[in-house]
Amino acid sequence: MKKLLSLPPNLVDCFHDVTGLSRDEYFCSNDPVGHKLGSGGGTAWLLQQAYQAQLATTPTPSLTPTPSLTPTPSLTPTPSLTPTPSPSRGEGDLDTPTIGKGNSQAPTIGKGNSQANQAPLPSGGAGGGCQVGDGFLTWLSREKRILLHAGGQSRRLPAYAPSGKVLTPIPVFRWERGQRLSQDLLSLQVPLYERIMQAAPERLHTMVVSGDVFIRATQPLQPIPDVDVVCYGLFLNAETAKNHGVFVSSRQTPSVLKCMLQKPSVDTLNDLLRDHLWLTDIGVWLLSDRAVKVLMKKTHLPEEKGNGVGLHFYDLYTDFGGSLGTDPTYADSEVAQLSVAILPLPGGEFYHFGTSRQIISSTLAIQNLVSDQREILHHGRKPHPSIFQQNAIKDTPFTAENKNIWVENSCISKGWTLAHDHVITGVPENEWTITLQAGQCVDIVPIGDCQWVVRPYHIDDTFSGERQFEPLFPVVDNIGDMGIVLRWMLGEKQLADGQSLWEQCRRLSADAISAEANLRRLEAQRKAFRYQNWPALAGNYRHSVFYQIDLEDAAREFVEAQLPMPAPLPESEPLLIRMHDAMFRNEVQRLKKQEETNNGNADAFTLLREALVEGATGRQTLPAFGGAGGGSVSPDQIVWARSPVRIDVAGGWTDTPPYSLMEGGQVVNFAINLNGQQPLQAYVKPCSDFRIILRSIDLGATEVIETNEQLADYNRVGSPFSIPKAALTLAGFGSGPSLHNQLQQFGCGIELTMLSAIPAGSGLGTSSILASTVLAALGDFCSLSWDKAEIGRRTLLLEQLLTTGGGWQDQYGGLLPGAKLLTTERGLMQQPQVRWLPSRLFTQSDYSACHLLYYTGITRTAKHILQQIVRRMFLNQHDELALLRQMKEHTLQMYEAIQRQDFHQYGLLVRRTWQQNQQLDSGTNPPDVARLTALVDDLCLGYKLPGAGGGGYLYMVAKDPEAAARIRSILAQHPLNARARFVDMALSETGLEVSRS
């Protein structure tokens, strides 16, 4: 998804070098220097620049621009509102409109629009116009884009004015897993915006957001209406809302915008509550192509009044937003014709990073979101929670008197004395003796190749008006002069050398610092400090974020910086920490291309097996001795177990350790019979000889086991009898001095026969459910009293013994009948809770024919897929953890759709599941399968390869029975191979069954 960023001019050219982000994914530009365009004009400019850049790189006839549109009249305010031109959101020197004449009365809504006087917006000069022709609209409709405005002067946050507030480094959250030490505001913002755009209707291609806020949605997103403009807001108190835009709606139609107000008074907001609801604008707007076209037209400046850029000042939130709704604040018929919906962001939280104080207060608020000590992943030892240090070296300890301190990309040597309310940024390594008074801040910015500018300021400085342009800050050539002039500027007026340096040096204004800053040097220093932080974080792991961060990113930086490996962890540390450590070490070795890079990998999986198997051996039980089967099974009886298979439709992979151990899992699946029968079966009967005979009907194989060593040889993938050997071990066999003696005491030998009437690598959970079936048969034969929950738990242990790994959803999908939501909490004991789902979508005649199962004839072993995904789980890999959380959220949406018996939504959610699986593992959708699904895509609501994917069966949800018939016909005419075929499927109403002859 393309991101278009409006940035400070000096950052545009080096943005990709500084951040390492892709040029294909991130387009950067800046507002034209010397022109105030507002957020609306700035949006039009950014789109126009991106479009023209696309033309320059890939010119095609379809993107040829057409002449500019004829301008429309300016907005006309109602008599009750007297607007003045408003700045872009969060920046600028002009005031936004005041609402009404007094604080005791609510504004008149929907009155006087036709009577308003003209209030033309600023314009002038000759310009080229804004092109909105067919070529632009074609380009606009090709993909979804996120436009992020972050090009303001950042007067109230000087520390990050040169690089833009959007690149403000943000400390790792103490309760979060998978974040990066190098994270910034941009990297935290984008995931939510992408989620919203992915969920948005197809014709909403453009999102406009602000660059100085961090917004969280802690609940699943609601459906997004298919309208021209969608605006998100939050229900905040009036004291907060008075400083922002507000969406007003009737209580009867809360999602329908009535009007938008800018910075209304508290009394106005309270009066509105009698008949209205209002949401505070959080600056997240989605626009249809039609809405963008109208916006572009409104920002256009006629050629006779051109100003060199073809656009005039137009504010998205005041001018455009004020013209939206059923009773708009401003009269503009073209804007008013656009359909609008306002949505509260579910579980929304809003954090502003626009001022020096806010970067501290907002970070503190985020860190304190979680107070449950069980949820906090590390426990620091700071004297005050409002102290934040990152990418920095500090040789003097913080004290109880220190609070509200932000130290980033800086060296605080032992000669420094701090008080409180400081922001310290960019300070290179030094040996200064510096005393900061309360509220004093220091910012050092590289200039050119070898100079720095020294900028002390107060934490509440806003650099308003002309102060932004006063040349106050000296440029120095070395660290020594830097310290001397800084001390003088901080208040040591007796320091004559400092005053002399200040008078002799070239001095820059705040505005000039942003223009001349060497951002590559600034980032190089930040990275160098971070490299020095890594060993300390690793060494202090009990009180640092080390093992909760993205360890893949950490390993990469360890290798880049050629850092020594941390000391080995003692075996007394928790198993999960040791697993993370083992995989981190393996990843470092892998990146260094060292030999035997699988050692750490193997260690991590071994520790995982230990964690899951721990305690299981102490619970082994055997039947009473004497008689065949311990007296419970007659010599001529057979125990017969049979199971359906399963199709997972949401949440697969979230059940897999170690992710499920860390965060719990959530899966929707359903059990199915194939061609009218349960395809997985196991038979156990007594044998007169004291040995174990294993048979596989489908494989035509037999093996006789007479020793403990033969029984223990179960961990070879591909062995036809790995599963029954491991199952027998879990049942307690092979634990005595000799297998012969144990069977003799048991009372008989054992003959175990398996049947899997389904191809290997099917994706239907075959191996796990077959293991459960074998365990169930043995449990009954040996009178072990295992219920389905215990069988499921032991299946998880069995897969760990076989080193194939895996989660719990496969076995429970077959053990338990029908459709269900399975959930577990975090922790080693993964015991799923079941919530049953209605079967109507799968069994009613209108729908049953729409569920199609097609064997592709392609097989794929899941073990190697699993190991790669699990490796990233061990490493807390950021993108994978984020996706797994989305998959859990998506699972609840699937659950609700089935509960509502919404077949159409169910099918679309299956399609979304398939997309998520492909994001997790790019090999899930091999070319042959992609070609197959392309043949029937328009006939399906959704489809997916169950399980790990890559082959096996293809599950399809046809749009209707007629579409299902056409799918059968098309695939019959175009089979993938000689093995490809349709298989009849039906919902299993029994799950696992065990009986005796």
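What are the radius of gyration and Dmax of the stretch 792-942, computed over its Cα atoms and given in Å?
16.8, 47
In µm²/s, what is D for the stretch 181-277 at 10 °C and 1.306 mPa s, where D = kT/(6 pi eta Rh) by Stokes-Einstein and Rh is the Kirkwood radius from Cα pairs?
Calculated translational D: 103 µm²/s.
Ignoring everything but the protein chains, give the 1.4 Å probe accessible area of Thr253 in square angstrom, nearest 10.
Thr253 exposes around 60 Å² with every protein chain in place.
Give me the Kirkwood hydrodynamic radius of the stretch 359-446, using the inverse of the mean 1/r over all pairs of distinct Cα atoms, in Å to one decimal.
13.8 Å
State, as an integer percentage, the relative contact order of the stretch 200-282 based on alpha-carbon contacts under 8 Å between residues 6 or more apart.
31 percent
By how many degrees, between 0 and 90 and to the nearest 10, does the Cα long axis of helix 38-57 differ from the longest principal axis of the chain?
Helix 38-57 and the main axis of the chain meet at about 60 degrees.
State the dimensionless ratio Rg/Rh of the stretch 709-789 (Rg: radius of gyration of Cα atoms; Rh: Kirkwood radius).
Reported Rg/Rh (Cα atoms, Kirkwood Rh): 0.98.
Kindly sort Ser660, Ser848 by accessible area of their heavy atoms, largest first, with the probe set to 1.4 Å.
Sorted by accessible area, descending: Ser848, Ser660.
Normalised radius of gyration for the stretch 637-744, please: alpha carbon Rg relative to 2.2 N^0.38 Å, two decimal places.
Normalised by 2.2 N^0.38 Å, the Cα Rg of the stretch 637-744 equals 1.35.
Starting from the 7 Å offset along Cα-to-Cβ, what nm value, one decimal, do you get for the label separation of Arg290 and Ser250?
Label-label distance for Arg290 and Ser250, simple model: 2.1 nm.
Beyond a 26 Å Cα-Cα separation, which of these cross-linked pairs lie in this structure: Lys592/Lys944; Lys144/Lys944; Lys165/Lys394; Lys165/Lys297?
From the list (Lys592/Lys944; Lys144/Lys944; Lys165/Lys394; Lys165/Lys297), the Cα-Cα distance tops 26 Å for Lys592/Lys944; Lys165/Lys297.
Pairs of Cα atoms under 8 Å, at least six residues apart: use those to get the relative contact order of the stretch 853-988, whole percent.
Relative CO of the stretch 853-988 lands at 38 percent.
Taking a threshold of 30 Å on the Cα-Cα distance, which of the pairs Lys527/Lys888; Lys2/Lys298; Lys3/Lys820 fall above it?
Beyond 30 Å between Cα atoms: Lys527/Lys888; Lys3/Lys820.
State, as an integer percentage, the relative contact order of the chain based on alpha-carbon contacts under 8 Å between residues 6 or more apart.
Reported relative contact order: 10 percent.
Express in Å², to the nearest 10, the accessible area of Phe388 obtained by rolling a 1.4 Å probe over the protein heavy atoms while all chains stay in place.
Number for this one is 10 Å².
So for the stretch 470-544, Kirkwood radius off the Cα pairs, Stokes-Einstein at 10 °C and 1.306 mPa s: how many µm² s⁻¹?
107 µm²/s
If the stretch 726-879 were replaced by its equivalent ellipsoid, with semi-axes equal to the square roots of 5 times the Cα gyration tensor eigenvalues, what would those be, largest first, whole Å?
Calculated on Cα positions only, the semi-axes equal 31, 21, 17 Å.
In nm, what is the difference between 0.36 nm times the number of residues separating Ser783 and Glu375 and their Cα-Cα distance?
142.8 nm
The values are calculated or read from the model by the stated rules, or taken from the named source; none is laboratory data. No experiment lies behind these values; they were computed from the predicted model shown. Every residue, glycine among them, receives a Cβ derived from its backbone with ideal geometry; neighbour counts consider all protein chains shown. Note: areas computed on protein heavy atoms with side chains; ligands, DNA, RNA excluded. Shrake-Rupley method; radii C 1.70, N 1.55, O 1.52, S 1.80 Å.
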